[in-house]
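Read the structure below first, then the notes.
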Amino acid sequence: MTPSAPPTAPATGLQKDLIDTLDKAHFQALVGKGEVEGSLDLTVYSQKAPFTNDREAAQWLDQAGIAATATLNEGLYVVLNLHTADAVLRFIDLLLMPWVTAYTAADQLETLLDSHAVTSDLAVGTAGIALTLAEDDLACVVTLASLLGAPGIDSGLVLHRRRGIRRLAERMKWLLSGIVGSAVQATAEAGCEHACARLEVNLTVEQTHRLLDRLDATQHSTPTGRAS
């Protein structure tokens, strides 16, 4: 939850909140007190920033309506001087919270899958969340499909062959697209001597939330499928 403060309050009052949110957003930056009393300097190291130099940063701040200035330090990193608490709050809302929401959804999905013995790897990027399931014969994919109401999704497929794996990916794509209500991209790679077969599913944050809702409903249902 985004902290609150009077709009004209000094930015320094939200220094801890800003640092905590940067951490949750996996946004690399250094926060310290600015030269102007009550302001905060935020030195940007993260590639998640929508700017690469002080001119682009100044344009972004102006478009975002954030009361701040942008300069370059001796290391040529962008330094944002946030003047007020309102500037800090707008920076958090506009730049950090979308990343916090995405990482939170990814962590929740990984935890939920792990509770069902489905080993997964999740990566958060600008386009959304990439879910990777890797295992010999993709048994974890079959388990996930069963949890989602599609037992036997591997019926008739030979999963140690490329064709079988591709067809499994197609079936999962249609299954997941139906569950989240929009098109999902899914690709698969056959295993080899040094790596297991793998399925990668690309989801938006909204699609991830819908998948979480479905899995959560499954987790809280009885073996007959009725809510307990």
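The values are calculated or read from the model by the stated rules, or taken from the named source; none is laboratory data. Quick caveat: nothing in here was measured; it's all calculated off a predicted structure. Cβ coordinates were reconstructed from backbone atoms using ideal geometry, including for glycine residues, and neighbour counts include every protein chain displayed. Ligands, DNA and RNA are stripped out before the accessible areas are found, and what is left, the full protein with its side chains, is counted by its heavy atoms. Shrake-Rupley method; radii C 1.70, N 1.55, O 1.52, S 1.80 Å.
Would you say residue 143 is out of contact with any helix residue (DSSP H, G or I) (no Cβ under 8 Å at 6 or more places or on another chain), of a type in the set (Val, Ile, Thr) and open to solvent by 70 Å² or more (accessible area, probe 1.4 Å)? Quick ask: steps written out before the conclusion?
Numbers: out of contact with any helix residue (DSSP H, G or I) (no Cβ under 8 Å at 6 or more places or on another chain): yes; of a type in the set (Val, Ile, Thr): yes; open to solvent by 70 Å² or more (accessible area, probe 1.4 Å): no.
Criteria not met by residue 143.
Please enumerate the residues belonging to region 146-184 that are on the phi < 0 side of the Ramachandran plot, touching a helix residue (DSSP H, G or I) at 6+ places or on another chain (Cβ under 9 Å) and outside any helix (DSSP H, G or I).
148, 150, 151, 153, 154, 157, 158, 159, 160, 182, 183, 184
Could you list, in sequence order, the residues of region 122-145 that are part of a loop (DSSP other than H, G, I, E, B), in contact with a strand residue (DSSP E or B) (Cβ under 9 Å, 6 or more places away or on another chain) and farther than 22 Å from residue 196 by Cα?
Within region 122-145, just 127 meets the criteria.
Report the residue count in region 21-39 for those that are farther than 14 Å from residue 90 by Cα and open to solvent by less than 60 Å² (accessible area, probe 1.4 Å). Steps first, please.
First, the residues of region 21-39 that are farther than 14 Å from residue 90 by Cα: 23-39.
In the following step, the residues that additionally are open to solvent by less than 60 Å² (accessible area, probe 1.4 Å) were identified as 25, 27, 29, 31-32, 34, 38-39.
Of the residues in that region, 8 qualify.
Which residues, taken from region 161-178, are within 24 Å of residue 127 (Cβ to Cβ) and open to solvent by 30 Å² or more (accessible area, probe 1.4 Å)? Spell out the reasoning first.
Initial filter on region 161-178 (within 24 Å of residue 127 (Cβ to Cβ)): 165-166, 168-178.
Those that are within 24 Å of residue 127 (Cβ to Cβ) and open to solvent by 30 Å² or more (accessible area, probe 1.4 Å): 166, 170, 171, 173, 174, 175, 178.
Need at least 1 residues that are under 24 Å from residue 201 (Cα atoms) and either hydrophobic (A, V, I, L, M, F, W, C) or touching a residue at least 12 places away in the same chain (Cβ under 8 Å) (or both) per element, so show me which helices (runs of 4 or more DSSP H) inside region 21-121 make the cut, counting only ones lying wholly within it. Steps first, answer last, please.
Working: elements: 54-64, 85-91, 97-115.
Result: 97-115.
Quick one: in region 101-119, of everything that is more than 14 Å from the chain's Cα centre (by Cα) and buried (at least 18 other Cβ atoms within 10 Å of the Cβ), which residue is nearest to residue 195 (Cα to Cα)?
Taking the candidates together, the pick is 118.
Of the residues 52, 126, 71, only one is open to solvent by 40 Å² or more (accessible area, probe 1.4 Å), within 24 Å of residue 12 (Cα to Cα) and hydroxyl-bearing (Ser, Thr, Tyr); which? Talk me through it step by step, then tell me what you get.
Working: 52 fails: within 24 Å of residue 12 (Cα to Cα); 126 fails: within 24 Å of residue 12 (Cα to Cα).
When all the criteria are applied, what remains is 71.
Six or more apart or on different chains, Cβ under 9 Å: which pairs go from a residue in region 188-202 that's closer than 15 Å to residue 122 by Cα and at pLDDT 75 or above to one that's open to solvent by 70 Å² or more (accessible area, probe 1.4 Å) and in a loop (DSSP other than H, G, I, E, B)? Could you list them?
198/135; 202/127
Going residue by residue through region 190-198, is there one that turns out to be touching a Leu at 6+ places or on another chain (Cβ under 6 Å), open to solvent by 20 Å² or more (accessible area, probe 1.4 Å), assigned to a strand (DSSP E or B) and closer than 25 Å to residue 114 by Cβ?
Going through region 190-198, the residues touching a Leu at 6+ places or on another chain (Cβ under 6 Å) turn out to be 197.
Now restrict to residues that are open to solvent by 20 Å² or more (accessible area, probe 1.4 Å): none.
Looking through region 190-198, none of the residues is touching a Leu at 6+ places or on another chain (Cβ under 6 Å), open to solvent by 20 Å² or more (accessible area, probe 1.4 Å), assigned to a strand (DSSP E or B) and closer than 25 Å to residue 114 by Cβ.
Testing residue 163 on (1) closer than 30 Å to residue 18 by Cβ; (2) at pLDDT below 95, one condition comes back false. Which one is that?
It is condition (1) that residue 163 fails.
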